[in-house]
Amino acid sequence: MKIKPNADYELLGTDIVLDKDRVYDAIAATNQPEYEECKKIFVINIPGKNPDDGFLLERGEYEIVETEKNRLDLTEYTDRTDANPYISLFDQGAIRNPRTGRTLFPLIPYDRDELCPENDSDYDVSSENVRSVIISFKDVETALEEVGDRYFDFISSTRDTELVRLNNDYLTCHIQALGDWGYGF
């Protein structure tokens, strides 16, 4: 979603500043307590800052700026299990931007018949419809080191093989399989 802060904000201890006259990208702060009740969001992609940096705001501190459905640009989400990002996200459960580690998980039900290239532009992939989590290469590597041997039986492989094959550009298969196995990110 696009938002505009209601005031100028400064994140203490950092050089991150939000200007009340600018419009910023934001996502729901789903990892925060009472995020729905308080309408908590993270302002992301702050110009000139690390893409991982976020700024937490809540109801009353921002207003949503209506744009073309607040659609997300999925072009940089190249770590996916299908050539079609919509199928990877809504049918298979996740897509990831390897440069930033930002991983999207669907929050809405989908209609499998709607997921085809002819009408992708009509399908609403907005920040309100996904949960966004930063999942790094190290996070997946750690998960593979922590998970039990039965997980590797589940994926018909071995821990050593999967650790050697691990590639930052192709982590969604493990993220999805670990999620199916009950390992949460």
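From the phi of every residue in the range 73-88, what ³J(HN,Hα) in whole Hz does the Karplus formula 6.51 cos²θ - 1.76 cosθ + 1.60 yield, where θ is phi - 60° and glycine or proline is x?
Those phi angles translate into 8, 8, 4, 8, 8, 8, 8, 8, 9, 9, 4, 8, x, 5, 5, 4 Hz.
Calculate one ³J(HN,Hα) per residue across the range 10-25 by plugging θ = phi - 60° into the Karplus curve 6.51 cos²θ - 1.76 cosθ + 1.60, and present them in order as whole Hz with x for glycine and proline.
Taking θ as phi minus 60°, the curve returns 10, 8, 3, x, 9, 9, 7, 10, 10, 9, 5, 9, 10, 9, 10, 7 Hz for the range 10-25.
All of the numbers you see were taken from the coordinates with simple rules; none came from a lab. Just so it is clear, the structure is predicted and the values come from calculations on it, not from any experiment.
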